[in-house]
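Q: Let me begin by handing over the structure; questions about it come next.
Derivation of every value follows stated rules applied to the coordinates shown; laboratory data play no part. Just so it is clear, the model here is predicted, and its values are computed rather than measured. No Cβ is skipped: glycine too gets one built from the backbone with ideal geometry, and neighbour counts run over all protein chains shown.
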Amino acid sequence: MRPANETELAEIIRGADQLRIEGGGTRGLACAGEVLCTKALSGVTLYEPGALTLVAGAGTPLSEVEDLLAKDNQRLAFEPRRMNALLGTTGETTLGGIVATNNAGPRRISTGSCADHLLGVRFVDGRGDIVKNGGRVMKNVTGYDLVKLMAGSHGTLGVMSEVSLKVLPKPETEATLAMSGLSPKQAQAVLAQALSSPFEVTGAIHNVGGETLLRIEGFEDSVTYRAGQLQALCGVELSVRGDDSRGIWENLRDLKEFEGSKHDIWRLRLKPSDGPEALARLDVINAVMDHGGGEVWLEQSVGTDVRAQLNGMFYDAQLIRGEGGPRFQPQPPVLAKLQAGLRAQFDPRNIFNQGLMG
């Protein structure tokens with residue numbers, strides 16, 4: 001099913017028994033039900049560069065939005081990831097999929113996630129009612145903050161038809177600073193030192209078995225100064241600028257480190273200082289510590305559940321691809337009850353993405 005507009009979307013939902021919500025099909029979120037594709041809910045309906053605001057249909061391709069913003073030297077600062085290389089998919093990443101998964105790349109460490117840039121949403125709930133929340137400016141709300149609630153809900157609370165996002169100017173230039181030969185523990189210490197400095201690091205990554213990388217962005221003179229300060233502070237061996245730096249971080253953003261892998265892929269979220277310990281406990285094939293160690297992407301042997309090896313640690317583990325256990329972290333009873341209550345409120349017939357997220 002492929003509704004052409006919001007009214008058709010609501011009609012389909014009212015008459016449905018079980019639906020699998022799909023945008024570009026790039027995220028690998030498989031579940032039972034008839035496929036409801038949102039691709040036709042596409043197009044930018046409002047773009048005000050001066051107000052740093054964009055409104056578009058949930059099915060709008062990310063590439064279309066990026067091309068439009070580039071004409072005014074603007075961007076989605078939270079750096080959404082394209083998951084095609086990691087998952088071996090060929091679809092086109094859409095705005096709805098980005099919001100539904102609260103997607104963000106390495107710049108999240110400085111600018112926040114998709115939810116932090118989300119101004120408003122329109123969606124259809126499980127009753128077939130059209131719901132609008134938020135607007136075109138950042139503001140506080142009372143009651144349910146549905147804007148934040150929809151971000152990361154993976155289509156379990158409603159089907160988005162439109163999203164409003166804050167956009168930001170692109171920096172004049174950027175630089176990547178690299179160090180090699182560090183262990184995960186040594187790298188995490190260096191990344192933490194750089195992130196706690198006043199030099200505005202916008203990316204902090206360690207490739208296990210590879211390099212430790214820092215990114216800074218801004219005006220040319222500022223980047224030059226901060227690069228020099230970080231080099232003295234952290235012992236940087238190499239610095240690259242401009243397009244060369246952007247190419248490095250596009251590959252890191254889209255996790256091309258794991259392209260073609262036949263192993264299970266996991267994402268851990270934990271205290272940055274716990275990243276090295278988590279890797280030491282696991283028999284990893286390859287790993288990337290992002291956000292200074294607070295997010296770890298790793299390859300494990302097929303069928304190995306990393307959760308069994310992280311007892312006693314405070315973490316969230318998501319199986320991105322593979323067979324090593326349930327996709328999402330099992331929730332403690334209190335959180336599971338809260339999550340079930342929200343789903344009952346917004347999808348009382350339990351028709352959206354059944355079995356996903358518990």
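Q: Please work out how much length the chain gains when fully extended from R281 to N311, using 0.36 nm per residue of separation minus the C-alpha to C-alpha distance, in nm with one decimal.
A: 9.8 nm
Q: Restricting the calculation to Cα positions, tell me the Rg (one decimal) and the Dmax (whole number) of the stretch 1-77 in Å.
A: Answer for the stretch 1-77, Rg first and Dmax second: 15.0, 45 Å.
Q: Assuming R0 = 41 Å, what is the FRET efficiency of A4 and D116, from their Cβ-Cβ distance, to the nearest 0.05?
A: 0.85
Q: If you restrict to DSSP beta bridges whose two residues both lie in the chain, what percentage is antiparallel, to the nearest 5? Present the calculation step by step, with values, prior to reporting the outcome.
A: Working: 59 of 64 bridges.
Looking only at bridges with both residues in the chain, the antiparallel portion is about 90 percent.
Q: Follow-up. Could you count how many Lys pairs in the stretch 6-169 have their Cα atoms under 26 Å apart, skipping same-chain pairs fewer than 8 positions apart?
A: So the count works out to 10.
Q: Here's another thing I want to ask about it. So what are the ³J(HN,Hα) numbers for the stretch 50-63, from phi and the Karplus equation (6.51, -1.76, 1.60; θ = phi - 60°), rounded to whole Hz, Gly and Pro as x?
A: x, 8, 6, 10, 9, 10, 8, x, 4, x, 5, x, 4, 4
Q: Determine how many Å³ per residue the convex hull of the Cα atoms of the stretch 266-358 encloses.
A: 107 Å³
Q: From the P(r) of the stretch 6-169, could you give the percentage of C-alpha pairs in the tail past 21 Å?
A: 43 percent
Q: Give the relative contact order (percent, whole number) for the stretch 6-169; include only Cα pairs under 8 Å separated by 6+ residues.
A: 27 percent
Q: So, in Å, what gap is there between the alpha-carbon centers of the stretch 76-134 and the stretch 194-253?
A: 26 Å
Q: Among rounded, prolate and oblate, which fits the chain when a ≥ b ≥ c are the square roots of the eigenvalues of its C-alpha gyration tensor, a/c under 1.5 means rounded, and a/b larger than b/c means prolate?
A: Oblate is the answer for the chain, as a/c is 1.5 or above yet b/c matches or exceeds a/b.
Q: What Kirkwood radius, in Å to one decimal, follows from the Cα pairs of the stretch 181-334?
A: 16.5 Å is the Kirkwood radius here.
Q: Expressed as an acute angle from 0 to 90° and rounded to the nearest 10, what is the orientation of the C-alpha long axis of helix 333-346 relative to the principal long axis of the chain?
A: Result, in degrees: 50.
Q: Which ³J(HN,Hα) values, rounded to whole Hz and listed in residue order, are derived for the stretch 113-127 from phi using the Karplus coefficients 6.51, -1.76 and 1.60 in 6.51 cos²θ - 1.76 cosθ + 1.60 with θ = phi - 60°, glycine and proline given as x?
A: With coefficients 6.51, -1.76 and 1.60, one gets 8, 4, 4, 6, 10, 8, 8, x, 9, 10, 8, 10, 7, x, 8 Hz.
Q: Taking the simple approach of a point 7 Å from Cα along Cα-to-Cβ for both E259 and E237, what is their distance in nm?
A: 2.4 nm
Q: Quote the relative contact order of the chain in percent (integer), defining contacts as alpha-carbon pairs under 8 Å separated by 6+ residues. Walk me through the numbers on the way to the answer.
A: Details: 776 pairs, mean separation 64.8, N = 358.
Value for the chain: 18 percent.
Q: Read phi for every residue in the stretch 168-177 and hand back ³J(HN,Hα) as whole Hz from Karplus 6.51 cos²θ - 1.76 cosθ + 1.60, θ = phi - 60°, with x for Gly and Pro.
A: Result, ordered by residue: 9, x, 6, x, 5, 7, 8, 9, 10, 10 Hz.
Q: Pull out the extension gain between K271 and R127, defined as 0.36 nm times the separation in residues minus the alpha carbon to alpha carbon distance; nm, one decimal.
A: Using 0.36 nm per residue and subtracting the Cα-Cα distance, I get 47.9 nm.
Q: Report, in deg cm²/dmol and to the nearest 500, the calculated mean residue ellipticity at 222 nm for the chain, where each DSSP H run with n ≥ 4 adds -39500 (n - 2.57) and the sum is divided by the residue count.
A: -7500 deg cm²/dmol
Q: What are the principal axis extents of the Cα atoms in the stretch 173-254, in Å, biggest first?
A: 32, 27, 18
Q: Something else about it: List the residues whose amide H sits under 5 Å from the amide H of E162, counting only those 5 or more places along or on another chain, with H placed 1.01 Å from N in the peptide plane.
A: A58, R122
Q: Long-range amide H contacts for L36: which residues qualify at under 5 Å (H placed 1.01 Å from N, peptide plane, sequence gap of 5 or more or a different chain)?
A: R20, I21, E22
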